[in-house]
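The values are calculated or read from the model by the stated rules, or taken from the named source; none is laboratory data. If you're wondering where the values come from, they're calculated on a predicted model, not measured in any experiment. Positions of Cβ are generated from backbone atoms using ideal geometry, with glycine treated the same way; all protein chains shown enter the neighbour counts. SASA here: full protein model, heavy atoms, side chains in, ligands and nucleic acids out. Shrake-Rupley method; radii C 1.70, N 1.55, O 1.52, S 1.80 Å.
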Amino acid sequence: MSDPDYDIIIVGAGVAGPIIAKELSQAGAKILIIEGGPETPPTNREEYMSNFLLNTVKTLESPYPPGMGANPAKEATPRATIAQTFGNNVSPTWHADLGAGNYIYNADVSYLLQEGPQPFLSGYKRITGGTTWHWLGTSLRFLEHDFTMKSTYGADDPDYPMPDWPIVVDDLLDAYGRAEHEIGVSADVSIQTKELAQIGLKYSDGYSYPMQEIPPSVLDVQIAAALNGFQNFINFEGQQVFVTSTPAGRNSQPDGNRRTCAGNTNCIPICPIQAKWDGTVTLAGAQSTGNVTFKSQCVVTKVVSAGYGQPVTGIEYIHWENGPTKITKSEPITATAKIYVIAAHAIETPKLMLMSDMGNGQTVANSSDQMGRNLMDHPLYLSWSLMPEQIFGFRGPLATSGIESLRDGPFRSDRAAWRCEIGNEGWNFAIGDPWTTVSDFVDGKNASHTNANMDRLFGAGLIEQLNSHFTRQWRMGFLVEQTPEADSRVTINRDNGIVDGLHLPRPVINYKLSEYTRRGFASAEVFSRQVYQMLGATNFTRNAQNLTAADGTEFPNPVWFENPDRDMFEALPDALKAPELCANGQAVPDGFTYFGAGHLVGTYRMGSVARTSVVDSHSRSWDHSTLFLVGDGVFPTITTANPTLTLAALAMRTADAIKAQLATTL
Amino acid sequence: MSNSDQKTFNAMSALLTGFNEQLIAPQVDPIGLPKLFLQWATDHSGGDCANLLATFASLQAIVPALSTDEIGSVIMGVSPDPTTGEPIDENQTAVAQAILKLWYLGSWYQPFDIAGAAKGKETVVSDQAYIKGLASQSMQSHAMGNSTLTFGYWDKPPAASLQVTTGNDEVSAGGPPDTSGWGASA
């Protein structure tokens, strides 16, 4: 057998790929990184910024290629977007006839072929730097019990939905520190541990973050003043609530050639000054070693192995270019290495692996039949209100504080936990402001539900009304812990005739929220009422059960689900049933709607035994010793924290394992 | 576009937006939004932008003079034209509303069907139109993605008052929120 081309081939240049490349190229390994999407030379931030400024819909994907509204059948690297899941793309028959070949969203618009029963609402990027182009920067560590859910909260319950991880928090403390230094996280250990050590937030002895914490917003301070130390929240017996500064991968000081955060209120969809870390920063570090070959616009189509128990022996990829009228693509190219790392996120990785037929009816790394299963996100409950005082939103980073102190507790035995992110962007996320409220008061409409009189204003009257609203708007975003479900999954279907521009199959998605997860929404609604009562705020949240089609007819909203726990609301004191505190004004809600959080997790889970997991605790395939599948697809549970920091820490751990494995063969 | 049209457009824009004319249409103007906006409105409204400007000019010429509130109410279709007793043409009001949103949001919402653009079609007319949108001044902030301030400014209330950000001494900031709309269409 001839020598392999490289020591390591890494597929994907998002978070985990560049981290592993940097760690190992610095140790002398020769590495090929293959990225499906386009490269991002320095000029592209301006190009992406321009796209953002000129797009009418400023969703998180709006700055990035391919353009908004592109037909995924005609793009080399189409991706899932938020706009694809807007109500106007819902198939009129979705609720009546779901199942194979019937999709919630129009396949000419939606890259993901969503078979339901509920829609998956998050998107991701297929460009160099990956989805970190529009991450928020939130860099929370997981908590001690996040890794031991089954043994801590479900040891006696055979139906308990949460598994243990094959590692415990202490196994990751060192890697967390390395990841925080690579990302450049701004936070203060003493401030974090003061309120959160009680729920199992841990650091190595003597640890300090690389940058000072980011100051809280005017809003944060006001909420903290009202809530901190309060411990009579319903459903959280005796647990104290604290508002805490959120560790963030944003610069609180200059870092290399990257500037300090200037509070552009635009972390999502794009930081105009790259004060927020993204994967291209670490990629540049890897490339500076001289040991990294980088190929963009190369889509891997197959990982090659002779069978389970056999090593991976190569990958096949296609190089593509956008021609004047159509995509041109190369013949399949084969590359070889000693170690293969697939770092293509939680949908593209299982798609590639399920495409990697070994010629015997089996696909690579799937002896467990777990590949693609347990797709998770943080289904997000958004609750928005007007404060009685001005708190001046639409300023600063999109979020600077959150309520983390309820992320753990005995309640996790029977309902989902959540973290509560406090938003600094008014009702931008909630209703699309400033556009919606401005249009209401100019046109005499009431889409915002704040212009009941249908006033049509101008001049000083318009200014004052807008000032009054915009400086009081705020929202909470509850990131609800979703259970892993075997039938929430990514599959491919080579027979449906629906392909991308390279004629590759597109991901088929099945997805649902369990009863355990849905009960987390109910507790979030109750909590938000108590918060609004304490603040004197007025709740304007709307959970729409139906959507209105262009022809005026109503149809069921696919992101709405029935209230799983009416009894919880019936039992509330009357004061918490006051309409101005309740979503939709309903004392007992009919149901809730959810958003995606952009956290794609769980489709090639790690575990302690090969029978029930895809990879081991180092993200190494149980089936092929030279194959590593990295990223947050390995998470057995999603926990309540944003995933990027933990997947970065796991990438550090994988880099160590690869280094050790290579040492025996170099 | 004639100078006269531009002057009328600027005066009408100041009246409708509530912002000081010198602030939105400065004499030395490297960005040139008033010119761009008038051209855009003219190109996307058939003859109704010109008709609107003529209506505005005639309202300004009435003796004894109407107040700015009275003129704005007529333009916005809230009050009848005092010379006819009837509301002004609804297309003219629709153009006025589109111009007002253009100033606040940087986006043109096509007010009615014309050749090449259906009613409701939205266009960001330029990057500066978005960046300089008056909505961000009405909230004493900046357009999302265009902070000119420095690290940590967000831990204090805005330094600039609403009177400063709008150039309008008549506006009062911090009035109580009008939540009378609560529950209107739950």
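Can you pull out every residue in the range B:153-173 that is at the interface with another protein chain (Cβ under 7 Å from one of its Cβ atoms), outside any loop (DSSP other than H, G, I, E, B) and open to solvent by less than 60 Å² (accessible area, probe 1.4 Å)?
Scanning the range B:153-173 gives B:Y153, B:W154, B:L162, B:T166.
Look through the range A:350-368, keep the residues that are of a type in the set (S, T, N, Q) and out of contact with any Lys or Arg (no Cβ under 9 Å at 6 or more places or on another chain), and return whichever of them is surrounded by the fewest Cβ atoms within 10 Å (Cβ to Cβ).
Within the range A:350-368, the first condition is being of a type in the set (S, T, N, Q), and the residues that meet it are A:356, A:360, A:362-363, A:366-368.
Among the residues that remain, those that are also out of contact with any Lys or Arg (no Cβ under 9 Å at 6 or more places or on another chain) are: A:360, A:362-363, A:366.
Numbers: A:N360: 9, A:Q362: 15, A:T363: 22, A:N366: 21.
If we take residues in the range A:350-368 being of a type in the set (S, T, N, Q) and out of contact with any Lys or Arg (no Cβ under 9 Å at 6 or more places or on another chain), then A:N360 is surrounded by the fewest Cβ atoms within 10 Å (Cβ to Cβ).
Being more than 12 Å from chain A (Cβ to nearest Cβ), open to solvent by 30 Å² or more (accessible area, probe 1.4 Å) and either of a type in the set (S, T, N, Q) or in a helix (DSSP H, G or I) (or both), is that true of even one residue in the range B:102-116?
Within the range B:102-116, none of the residues are more than 12 Å from chain A (Cβ to nearest Cβ), open to solvent by 30 Å² or more (accessible area, probe 1.4 Å) and either of a type in the set (S, T, N, Q) or in a helix (DSSP H, G or I) (or both).
Please verify whether A:V169 is closer than 29 Å to A:A21 by Cβ, touching a strand residue (DSSP E or B) at 6+ places or on another chain (Cβ under 8 Å) and not basic (K, R), treating the condition exactly as stated. Break it down stepwise before answering.
Numbers: closer than 29 Å to A:A21 by Cβ: yes; touching a strand residue (DSSP E or B) at 6+ places or on another chain (Cβ under 8 Å): no; not basic (K, R): yes.
It is false that A:V169 is closer than 29 Å to A:A21 by Cβ, touching a strand residue (DSSP E or B) at 6+ places or on another chain (Cβ under 8 Å) and not basic (K, R).
Against the conditions (1) open to solvent by 20 Å² or more (accessible area, probe 1.4 Å); (2) among the acidic types (D, E); (3) more than 22 Å from A:L352 (Cα to Cα), where does A:D278 fall short? Just the number, please.
The single condition A:D278 does not satisfy is (1).
Quick check on A:V442: is it crowded, with 24+ Cβ neighbours inside 10 Å and under 30 Å from A:L352 (Cα atoms)? Step through it out loud before you land on a result.
Working: crowded, with 24+ Cβ neighbours inside 10 Å: yes; under 30 Å from A:L352 (Cα atoms): no.
No, not satisfied.
Determine whether the range A:284-292 contains at least one residue that is within 26 Å of A:P78 (Cβ to Cβ) and assigned by TED's automatic domain parsing to the domain that holds A:S330. Spell out how you get there, then give the answer.
Going through the range A:284-292, the residues within 26 Å of A:P78 (Cβ to Cβ) turn out to be none.
No, every residue in the range A:284-292 fails to be within 26 Å of A:P78 (Cβ to Cβ) and assigned by TED's automatic domain parsing to the domain that holds A:S330.
Kindly indicate which of B:Y109, B:Y130 is in contact with an Asp or Glu (Cβ under 9 Å, 6 or more places away or on another chain) and among the aromatic types (F, W, Y).
Values: B:Y130 fails: in contact with an Asp or Glu (Cβ under 9 Å, 6 or more places away or on another chain).
From the options B:Y109, B:Y130, the qualifying one is B:Y109.
Yes or no: B:L16 open to solvent by less than 40 Å² (accessible area, probe 1.4 Å), within 14 Å of chain A (Cβ to nearest Cβ), at pLDDT 95 or above and over 25 Å from B:E122 (Cα atoms)?
Values: open to solvent by less than 40 Å² (accessible area, probe 1.4 Å): yes; within 14 Å of chain A (Cβ to nearest Cβ): yes; at pLDDT 95 or above: yes; over 25 Å from B:E122 (Cα atoms): no.
Here the answer is no, as B:L16 does not meet what is asked.
Those residues that are more than 14 Å from every other protein chain (Cβ to nearest Cβ), in a helix (DSSP H, G or I) and under 23 Å from B:G116 (Cα atoms), I need them from the range B:46-69; list them, please. Can you show your working first?
Taking the range B:46-69 first, the residues more than 14 Å from every other protein chain (Cβ to nearest Cβ) are B:46-51, B:53-55, B:57-58, B:60-65.
From the residues that got through so far, the ones that are in a helix (DSSP H, G or I) too are B:48-51, B:53-55, B:57-58, B:60-61.
B:D48, B:C49, B:A50, B:N51, listed by residue number.
If A:M371 meets every condition in (1) within 11 Å of chain B (Cβ to nearest Cβ); (2) over 19 Å from A:A597 (Cβ atoms); (3) in a loop (DSSP other than H, G, I, E, B) apart from one, which number is that one?
(1)
Yes/no per residue for (1) under 27 Å from the mean Cα position of the chain (by Cα); (2) within 14 Å of chain B (Cβ to nearest Cβ); (3) part of a loop (DSSP other than H, G, I, E, B); (4) surrounded by fewer than 19 Cβ atoms within 10 Å (Cβ to Cβ):
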{"residue": "A:I223", "(1), (2), (3), (4)": "yes, yes, no, no"}
{"residue": "A:G238", "(1), (2), (3), (4)": "no, no, yes, yes"}
{"residue": "A:S252", "(1), (2), (3), (4)": "yes, yes, yes, no"}
{"residue": "A:G263", "(1), (2), (3), (4)": "yes, yes, yes, no"}
{"residue": "A:N266", "(1), (2), (3), (4)": "yes, yes, yes, no"}
{"residue": "A:A286", "(1), (2), (3), (4)": "yes, no, no, no"}
{"residue": "A:T289", "(1), (2), (3), (4)": "no, no, yes, yes"}
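What is the residue count in the range A:378-404 for residues that are touching a strand residue (DSSP E or B) at 6+ places or on another chain (Cβ under 7 Å) and outside any strand (DSSP E or B)?
8
For the range B:124-150, name all the residues that are assigned to a loop (DSSP other than H, G, I, E, B) and surrounded by fewer than 19 Cβ atoms within 10 Å (Cβ to Cβ). So that I can check it myself, show each step before the final result.
Of all residues in the range B:124-150, those assigned to a loop (DSSP other than H, G, I, E, B) come to B:125-126, B:132-133, B:139-150.
Of everything in the range B:124-150, those that are assigned to a loop (DSSP other than H, G, I, E, B) and surrounded by fewer than 19 Cβ atoms within 10 Å (Cβ to Cβ) turn out to be B:S126, B:K132, B:T148, B:L149, B:T150.
Of the residues that make up the range A:441-448, is at least one outside the structural domain of A:G37 (by TED's automatic domain parsing), free of Cβ contacts under 8 Å to residues at least 12 places away in the same chain and in contact with a strand residue (DSSP E or B) (Cβ under 9 Å, 6 or more places away or on another chain)?
Of the residues in the range A:441-448, the ones outside the structural domain of A:G37 (by TED's automatic domain parsing) are A:441-448.
Next cut, free of Cβ contacts under 8 Å to residues at least 12 places away in the same chain only: A:445-446.
Still in the list and also in contact with a strand residue (DSSP E or B) (Cβ under 9 Å, 6 or more places away or on another chain): none.
Scanning the range A:441-448 turns up no residue that is outside the structural domain of A:G37 (by TED's automatic domain parsing), free of Cβ contacts under 8 Å to residues at least 12 places away in the same chain and in contact with a strand residue (DSSP E or B) (Cβ under 9 Å, 6 or more places away or on another chain).
Could we say that B:Q128 is without any contact (Cβ under 8 Å) to a residue 24 or more places away in the chain and more than 7 Å from chain A (Cβ to nearest Cβ) here?
Values: without any contact (Cβ under 8 Å) to a residue 24 or more places away in the chain: no; more than 7 Å from chain A (Cβ to nearest Cβ): yes.
It is false that B:Q128 is without any contact (Cβ under 8 Å) to a residue 24 or more places away in the chain and more than 7 Å from chain A (Cβ to nearest Cβ).
If you check A:R653, A:R611, which single one turns out to be more than 16 Å from the chain's Cα centre (by Cα), closer than 23 Å to A:I492 by Cα and modelled with pLDDT of 95 or more?
Working: A:R653 fails: closer than 23 Å to A:I492 by Cα.
From the options A:R653, A:R611, the qualifying one is A:R611.
Can A:N539 be described as touching a helix residue (DSSP H, G or I) at 6+ places or on another chain (Cβ under 8 Å) and either within 14 Å of another protein chain (Cβ to nearest Cβ) or surrounded by fewer than 22 Cβ atoms within 10 Å (Cβ to Cβ) (or both)? Steps first, answer last, please.
Details: touching a helix residue (DSSP H, G or I) at 6+ places or on another chain (Cβ under 8 Å): yes; either within 14 Å of another protein chain (Cβ to nearest Cβ) or surrounded by fewer than 22 Cβ atoms within 10 Å (Cβ to Cβ) (or both): yes.
Taking the combined requirement at face value, the residue satisfies it.
Confirm whether A:Y103 is open to solvent by less than 50 Å² (accessible area, probe 1.4 Å), more than 26 Å from A:I268 (Cα to Cα), within 25 Å of the chain's Cα centre (by Cα) and at pLDDT 85 or above. Steps first, answer last, please.
On the way: open to solvent by less than 50 Å² (accessible area, probe 1.4 Å): yes; more than 26 Å from A:I268 (Cα to Cα): yes; within 25 Å of the chain's Cα centre (by Cα): yes; at pLDDT 85 or above: yes.
It is true that A:Y103 is open to solvent by less than 50 Å² (accessible area, probe 1.4 Å), more than 26 Å from A:I268 (Cα to Cα), within 25 Å of the chain's Cα centre (by Cα) and at pLDDT 85 or above.
With respect to A:P434, is the statement that it is modelled with pLDDT of 95 or more, touching a strand residue (DSSP E or B) at 6+ places or on another chain (Cβ under 8 Å) and within 9 Å of chain B (Cβ to nearest Cβ) true? Write out each step before concluding.
Values: modelled with pLDDT of 95 or more: yes; touching a strand residue (DSSP E or B) at 6+ places or on another chain (Cβ under 8 Å): no; within 9 Å of chain B (Cβ to nearest Cβ): yes.
Here the answer is no, as A:P434 does not meet what is asked.
Limited to the range A:138-185, what total is found for residues that are aromatic (F, W, Y), open to solvent by 10 Å² or more (accessible area, probe 1.4 Å) and either part of a helix (DSSP H, G or I) or farther than 21 Å from A:A486 by Cβ (or both)?
Filtering the range A:138-185 down to residues aromatic (F, W, Y) leaves A:142, A:147, A:153, A:160, A:165, A:176.
Next cut, open to solvent by 10 Å² or more (accessible area, probe 1.4 Å) only: A:153, A:160, A:165.
Still in the list and also either part of a helix (DSSP H, G or I) or farther than 21 Å from A:A486 by Cβ (or both): A:153.
Matching residues across the range A:138-185 total 1.
Give just the number: which of (1) within 14 Å of chain B (Cβ to nearest Cβ); (2) within 30 Å of A:A80 (Cβ to Cβ); (3) in contact with a strand residue (DSSP E or B) (Cβ under 7 Å, 6 or more places away or on another chain); (4) in contact (Cβ under 8 Å) with a residue 24 or more places away in the chain does A:E580 not satisfy?
(2)
Can you tell me which residue among A:D565, A:D551 is away from chain B (no Cβ under 14 Å) and buried (at least 18 other Cβ atoms within 10 Å of the Cβ)? Explain how you work it out, then say what you get.
Numbers: A:D551 fails: buried (at least 18 other Cβ atoms within 10 Å of the Cβ).
None of the others qualify; the one that does is A:D565.
Please determine, by comparing only the residues of the range A:325-349 that are among the hydroxyl-bearing types (S, T, Y) and outside any strand (DSSP E or B), which one is surrounded by the fewest Cβ atoms within 10 Å (Cβ to Cβ). Explain how you work it out, then say what you get.
Within the range A:325-349, the first condition is being among the hydroxyl-bearing types (S, T, Y), and the residues that meet it are A:325, A:328, A:330, A:334, A:336, A:340, A:349.
So of that shortlist, the ones also outside any strand (DSSP E or B) come out as A:325, A:330, A:336, A:349.
On the way: A:T325: 6, A:S330: 12, A:T336: 18, A:T349: 27.
The residue in question is A:T325.
When only residues in the range A:49-86 that are under 18 Å from A:P505 (Cα atoms) and surrounded by fewer than 20 Cβ atoms within 10 Å (Cβ to Cβ) count, which is farthest from the other protein chains (Cβ to nearest Cβ)?
Within the range A:49-86, the match that is farthest from the other protein chains (Cβ to nearest Cβ) is A:A73.
What strands (runs of 3 or more DSSP E) completely inside the range A:463-516 contain at least 2 residues that are open to solvent by 10 Å² or more (accessible area, probe 1.4 Å) and in contact (Cβ under 8 Å) with a residue 24 or more places away in the chain?
Details: elements: A:473-480, A:489-491, A:508-511.
Fully inside the range A:463-516 and qualifying: A:489-491.
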